[in-house]
Amino acid sequence: MFRLFVGIPFPVSVQASLEGLCHGVPGVRWVQPHSFHMTLRFIGEVDEDVAEDLDAALAGIHAPRFMMALSGVGCFDKRNKVKALWAGADKSSPLMHLFGKVESAVVRAGMPPEPRKFKPHVTLARSRNLSLEQAAPFLESRSQYLSEAFEVSRFTLFRSHLSREGAFYEPLAEYPLT
């Protein structure tokens, strides 16, 4: 079985910029800089033959390269408990176009449609017991964050390996944008 997702990798300079945000909140699990990415579509556990179908469908995507910058920070919370801290991105037309193409390809490969709305973000940290009140200083002090603009020239099919030390993301295939 393969645990898969489709994402946008970031240049080293953007990884370093994001790493600069990752401090000052005790008790969270910070994402390692080499693991920063933007998930376009989480797929989950699939058999090898489904992974091959996904690869073929994703390889058929034709979309233009585009510029993107990350801006601001936020959190996903449930019942006043923060589950993740993130840096965001605008829902630009080219990003939403690529997201739509990826979603269509994944569905054509036999996966169910994604029921949740797409929220472009990069996970910075995960948490179990952080309250919104405890996260507030982090969110306020980094609210004006803005990365350098960078070109999105490809997207990637990743395999996620989970361990006690955290997740490791293995690129299985890269798909160029034109």
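What to note about this one:
- Per the listing HIS62, HIS23, the residue uniquely over 16 Å from the mean Cα position of the chain (by Cα), at pLDDT 95 or above and under 30 Å from ALA136 (Cα atoms) is HIS23.
- Residues in segment 104-153 that are farther than 15 Å from GLU19 by Cα, assigned to a strand (DSSP E or B), at pLDDT 95 or above and of a type outside the set (Phe, Trp, Tyr): SER127, LEU130, SER131, GLU151, VAL152.
- Of the residues SER71, SER160, the single one that is under 15 Å from the mean Cα position of the chain (by Cα), surrounded by fewer than 15 Cβ atoms within 10 Å (Cβ to Cβ) and outside any loop (DSSP other than H, G, I, E, B) is SER71.
- Picking from residues in segment 97-123 that are closer than 12 Å to CYS75 by Cα and in contact with a Phe, Trp or Tyr (Cβ under 6 Å, 6 or more places away or on another chain), the one that is surrounded by the most Cβ atoms within 10 Å (Cβ to Cβ) is VAL122.
- The one condition from (1) at pLDDT below 95; (2) touching a helix residue (DSSP H, G or I) at 6+ places or on another chain (Cβ under 9 Å); (3) acidic (Asp, Glu) that ASP77 does not meet is (1).
- Matching residues, segment 1-57, being in a loop (DSSP other than H, G, I, E, B), small (Gly, Ala, Ser) and touching a residue at least 24 places away in the same chain (Cβ under 8 Å): GLY24, GLY27
- Where PRO26 falls short, out of the listed (1) within 17 Å of PHE155 (Cα to Cα); (2) exposed (fewer than 14 other Cβ atoms within 10 Å of the Cβ): (1)
- Summed over segment 151-176, residues that are over 25 Å from ASP49 (Cβ atoms) and of a type in the set (S, T, N, Q) total 2.
- Residue in segment 92-108 that is more than 27 Å from VAL46 (Cα to Cα) and touching a residue at least 24 places away in the same chain (Cβ under 8 Å) present: yes
The values are calculated or read from the model by the stated rules, or taken from the named source; none is laboratory data. Model, not experiment: these values are computed from the prediction. Quick reminder, even Gly has a Cβ in these numbers, built from the backbone with ideal geometry, and neighbours come from all protein chains shown.
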